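Student: Before I ask anything, here is the structure I am working with.
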Amino acid sequence: MEARKVYVSGGSTYVISLPKKWVTKTNLKPGDSLVVTEHGSSLLIETSVIERESQTKEIKISQVTSSEALERIIIAFYLVGYDTIRIKLDRKDHLPYRKSIRNVLDYLIGIEIVEDTNDLMTLEIMVDYKRMMTMQVLQRMFSLDRSMLLDLGKAFKNMDIGLAKDVIVREREIDRLYFLVVRQLKSAVEYQQVAEKLGIENQRDCLGYRITVKALERIADHIENIAKSYIQLSDIQKDVQLDDFIKLNNSIIVIFEKSVDALFTRNHVLAEKIFQELKEINEFHSAISNELLQSKDKNIQSAILKKTMLDSFGRIGSYSGDIAEIAINMSAGSLTFDR
């Protein structure tokens, strides 16, 4: 932290000097423009995001331990905000690496192969912040999770294996949206201008959104896990009855909807009610679990699959509670109490 004196220039203009270290670091030149944003009693000074040069990263596969490691590296560079990723194929056995590059594109939104030669592949990341605002993406993730839960219940009721398989396929889209939001939030934390374009009014909200997007992604993972376990269970028990599971699923859908609604509306009253309802759901969850343990069904594999499904339902409920807690935290600034 440095103290800077305020000077008056021309009788009406107030001037402060900029730290030399920061000017050098940002390559600021005389005549360049800065963006000044007012935050209460503070001012945020940034170099223009619009004018910044494209950020490029180069990878040599000879320095990467495996093709799987290359996938993780590309995702990492995508998340931290690079615009161009150049991958030098400087190994004779580069075909597995090419395959990994194409595989990872299935998980990332707005990234394309713009150059593909014998010894080089170039990826360009083209994400329009204005067209993919963070709240809209979170809303999309919620809608996908909700549709997966609804169809999971229908699959249980109608013993529809095809619908259960379709639920599993949809989890991939949640992953793609998750990576996009994480990339957005990393840029929003660094640049207030980006935060505003993404519809994030206050940069401090980024932490809450980061936890939320992870919760939405994990919920999709557990829905996928339930669907996979159900398909295996159906192979063991052709006419499996899951009435209690259907009831539990319906209750969790309601609590999930309320938690996300509380977050989007910053409704702390609704969020507080969720925790009481979660207690009731947890009691019902425990009752099903105890009944399963006391069951006379001698098929151990069937019991294990049902227990796996129950555990995932429990985790979805917990993540819904996490979202409700974030809603309370993010609405704290607007809370008022009568004396």
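The values are calculated or read from the model by the stated rules, or taken from the named source; none is laboratory data. None of these values were measured; they are calculated from a predicted model. Quick reminder, even Gly has a Cβ in these numbers, built from the backbone with ideal geometry, and neighbours come from all protein chains shown.
Student: Going by the conditions given, is G11 modelled with pLDDT under 80, surrounded by fewer than 12 Cβ atoms within 10 Å (Cβ to Cβ), small (G, A, S) and within 21 Å of V189 (Cα to Cα)?
Tutor: No.
Student: So which residues in the range 16-48 are out of contact with any strand residue (DSSP E or B) (no Cβ under 8 Å at 6 or more places or on another chain), surrounded by 10 or more Cβ atoms within 10 Å (Cβ to Cβ) and modelled with pLDDT under 75, if there are any at all?
Tutor: Answer for the range 16-48, where residues must be out of contact with any strand residue (DSSP E or B) (no Cβ under 8 Å at 6 or more places or on another chain), surrounded by 10 or more Cβ atoms within 10 Å (Cβ to Cβ) and modelled with pLDDT under 75: just H39.
Student: Right, next: Exactly one condition in (1) surrounded by 14 or more Cβ atoms within 10 Å (Cβ to Cβ); (2) under 29 Å from G199 (Cα atoms) is not met by Y97; state its number.
Tutor: Only one criterion in (1) surrounded by 14 or more Cβ atoms within 10 Å (Cβ to Cβ); (2) under 29 Å from G199 (Cα atoms) is unmet by Y97, namely (2).
Student: May I pose another question? Select from the range 74-94 the residues that are crowded, with 19+ Cβ neighbours inside 10 Å and β-branched (V, I, T) and write down the one among them that is farthest from the chain's Cα centre (by Cα).
Tutor: I87
Student: Additional query: Any residue in the range 238-266 that is farther than 19 Å from L150 by Cα sitting within a Cβ distance under 6 Å of a residue that is not in a helix (DSSP H, G or I)? List the pairs, counting only those 6 or more apart or interchain.
Tutor: Note: pairs meeting the criteria are R266/S331.
Student: Next question, about the same structure. Within the range 236-270, count every residue that is assigned to a loop (DSSP other than H, G, I, E, B) and either of a type outside the set (K, R) or surrounded by 13 or more Cβ atoms within 10 Å (Cβ to Cβ) (or both).
Tutor: Counting residues in the range 236-270 that are assigned to a loop (DSSP other than H, G, I, E, B) and either of a type outside the set (K, R) or surrounded by 13 or more Cβ atoms within 10 Å (Cβ to Cβ) (or both) gives 7.
Student: Specify which of the listed residues (Q203, Q184) is more than 22 Å from M309 (Cα to Cα) and in a helix (DSSP H, G or I).
Tutor: Just one listed residue meets the conditions, Q184.
Student: For the range 249-263, state whether one or more residues are more than 17 Å from S331 (Cβ to Cβ), in the same structural domain as A303 (by TED's automatic domain parsing) and either touching a Pro at 6+ places or on another chain (Cβ under 8 Å) or at pLDDT below 95 (or both).
Tutor: no
Student: Could you please find all residues in the range 298-332 being modelled with pLDDT under 90 and either of a type in the set (F, W, Y) or touching a Lys or Arg at 6+ places or on another chain (Cβ under 9 Å) (or both)?
Tutor: Correct list: M330, S331.
The rows are residues; the columns are (1) under 12 Å from L177 (Cα atoms); (2) not in a loop (DSSP other than H, G, I, E, B).
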residue: E115; (1), (2): no, yes
residue: E124; (1), (2): no, yes
residue: R131; (1), (2): no, no
residue: Q136; (1), (2): yes, yes
residue: R140; (1), (2): yes, yes
residue: R146; (1), (2): no, yes
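Student: Considering the range 271-298 alone, what residues qualify as being among the acidic types (D, E) and either part of a helix (DSSP H, G or I) or touching a Leu at 6+ places or on another chain (Cβ under 7 Å) (or both)?
Tutor: E272, E277, E280, E283, E291 - these are the residues of the range 271-298 that are among the acidic types (D, E) and either part of a helix (DSSP H, G or I) or touching a Leu at 6+ places or on another chain (Cβ under 7 Å) (or both).
Student: Give the range 174-225 a look and list any residue that's surrounded by fewer than 19 Cβ atoms within 10 Å (Cβ to Cβ), within 20 Å of E257 (Cα to Cα) and free of Cβ contacts under 8 Å to residues at least 60 places away in the same chain, or say none.
Tutor: R210, K214, D221, listed by residue number.
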